[in-house]
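Visitor: The structure follows.
The values are calculated or read from the model by the stated rules, or taken from the named source; none is laboratory data. Everything numeric in this text was worked out from a predicted model, so none of it was measured. Cβ coordinates were reconstructed from backbone atoms using ideal geometry, including for glycine residues, and neighbour counts include every protein chain displayed. The protein model used for the area step is the full one, side chains on, heavy atoms only, and it has no ligands, DNA or RNA in it. Shrake-Rupley method; radii C 1.70, N 1.55, O 1.52, S 1.80 Å.
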Amino acid sequence: MVAGAATGCGAKKDTKVESTKEVATNSTKLDEDAIKDTYTGIEDMYVLEGSKDVDYLDGVLYDSSIVNGIDVDSSKVDTSKTGNYKITFSITADRTAYDTFRDAFIKSETVKDKMSTDKTKTDKGSADKTKTETVKVKKETVVVNKDEAQKLADQNKLVRTDNGETVKKSDGTEVKTEQKAPASTAVTGGDVVDASAKAEVKPETTATPTMDPKEEAKKEESKKADKKEEAKKPSTSDGKDNSGSTNKPSSGSNSAGNTSKPNSGSNNGGSSNKPSSGSNNSNGGNSSNTEKPAHKHNWVNVTKTVNHPAETHQEDVYEDRQVKVKDAWGEQVRVDAGAECRQCGYRTTNPDDMTMHCLEYGHSSHNISEYKTVHHDAVYETQRVKTGTKTVVDKAAWTETVVTGQKCSFCGETKTN
């Protein structure tokens, strides 16, 4: 009886420990890596400079069976000038639904059946309430000018403008991106909801899950095997059987004609009721049979956006101007003033009058001259004159996404390139 009581306490203690471990595992706070299979379309983006009403949720889809809604905070984006800005997506998830999806995905169970079972448990316990968690996902928004936006569009990259519109290619065609249903919907069967329109949609393709169900299933099986082995280890006192176990031997065990249900690890009065080597029981004191499989990394690229400034050079600026090549000047010019009588000083500009005067009076005459100043204006001519310099853009500013390293989506280990 003492032995039985000890065994019962031991079994109860093990159950409590397992329950505590399970709660600790499920209480881990959700993060971006954990719920990335429940939505699509949240990524870095380009926005045309000068846009007024940009729909940052356009193209974002989520699994409505897990995600309750997605909001976005774009208050730090200034579309009036180019540059890099941060926006934050707030994803509100039903933690119970997420845990159900994850367990079903790992164990390859039918998720609808499991959800139905979990709902029944919740209904029975009226004190249970739906627990939601909000995960913040930060992404980069690059505001680009018109020329850069056109180059990006011609490279088949999406550049957002007003009211869900995008910059078209030079040939007038639209840049289209393939909408993918969240990977979780392949397991949950949940509806796909457009975060912008708050309406159900039917995308043609489904995103590829990032979880490795086979690897996770191996981990779960290994954990179960460890728990079984722990539960089957006998607790002894004075060499007597204290296990109290009622586990039946496997079909491959040799009970030596004894049809009684032997206790695990019991001598059973000298009877040879131990399972044979052909038993399916993997314990038998040999812990090497429950060795955990090696962890297999699932590497995901870690990227960052690099901004390249515009490439420019300086050029001289010229224009045609009137340049003075000679100043204004005055010139003394001799002018014929007529004839003058040498005897009496009579003057006239008419030669005939002077001839008659000399004949009549017997005088003689001579010609006289005067000088006057003639003004000449300054001389100008048209010449090319340097008026300054200007900046010429050889290559517009551009951005690129660079892979800086990798991160395991399961264990979080990172490595750099």
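Visitor: Name the long-range amide H neighbours of THR166: under 5 Å, sequence gap of 5 or more, or other chain; modelled H, no Pro or chain starts.
Guide: When sequence neighbours closer than 5 places are left aside, the close amide H contacts are THR161.
Visitor: I need to check one value: relative contact order of the range 303-417, counting alpha carbon pairs closer than 8 Å and at least 6 residues apart, in percent. Walk me through the numbers before you get to the answer.
Guide: Numbers: 206 pairs, mean separation 50.6, N = 115.
Computed value for the range 303-417: 44 percent relative contact order.
Visitor: Right, something else. In whole Å, what is the distance between the alpha-carbon centres of the range 335-353 and the range 33-54?
Guide: Going from one Cα centre to the other spans 106 Å.
Visitor: Which of the trypsin sites (Lys or Arg not before Pro) found in the range 29-96 are loop residues per DSSP with 13 or fewer other Cβ atoms within 10 Å of their Cβ?
Guide: Numbers: sites: LYS29, LYS36, LYS52, LYS76, LYS81, LYS86, ARG95; in loops: LYS29, LYS52, LYS76, LYS81.
Of the trypsin sites (Lys or Arg not before Pro), the ones in loops of the range 29-96 whose Cβ has at most 13 other Cβ atoms within 10 Å are LYS29, LYS52, LYS76, LYS81.
Visitor: For the residue pair GLU200 and LEU359, what label-to-label distance in nm results when each label sits 7 Å from Cα along the Cα-to-beta-carbon direction?
Guide: Result for the modelled spin labels: 13.5 nm.
Visitor: Scan the range 304-361 for trypsin sites (Lys or Arg not before Pro) in coil per DSSP, keeping those whose Cβ has at most 12 other Cβ atoms within 10 Å, and list them by number. Working shown, then result.
Guide: On the way: sites: LYS304, ARG321, LYS324, LYS326, ARG334, ARG342, ARG347; in loops: ARG342.
Listed in order of number, the matching sites are ARG342.
Visitor: Once both labels are modelled 7 Å past Cα along the beta-carbon direction, what's the LYS372-ASN307 spacing in nm?
Guide: Taking the two extended label points, one gets 7.6 nm.
Visitor: Continuing with this model, one more query. Can you check what the net charge comes to around GLY69, using other residues whose Cβ is under 11 Å from the Cβ of GLY69 (Lys, Arg +1; Asp, Glu -1)?
Guide: -1
Visitor: Modelling each spin label as a point 7 Å along the Cα-to-Cβ direction, I'd like the LYS390/THR416 distance in nm, to one decimal.
Guide: About 4.5 nm separates the two model spin labels.
Visitor: If you place +1 on the Cβ of every Lys and Arg and -1 on the Cβ of every Asp and Glu, how big does the dipole about the Cα centre of the range 339-417 come out, in debye to the nearest 20? List each step's numbers first, then the result.
Guide: Numbers: 9 positive and 10 negative charges, 196 e Å.
Around 940 debye, computed over the range 339-417.
Visitor: Related question: Counting only protein heavy atoms and a 1.4 Å probe, tell me what percentage of the range 28-86's accessible area is made up of carbon and sulfur. Walk me through the numbers on the way to the answer.
Guide: Numbers: 1130 of 2760 Å².
Whole-percent figure for carbon plus sulfur exposure: 41.
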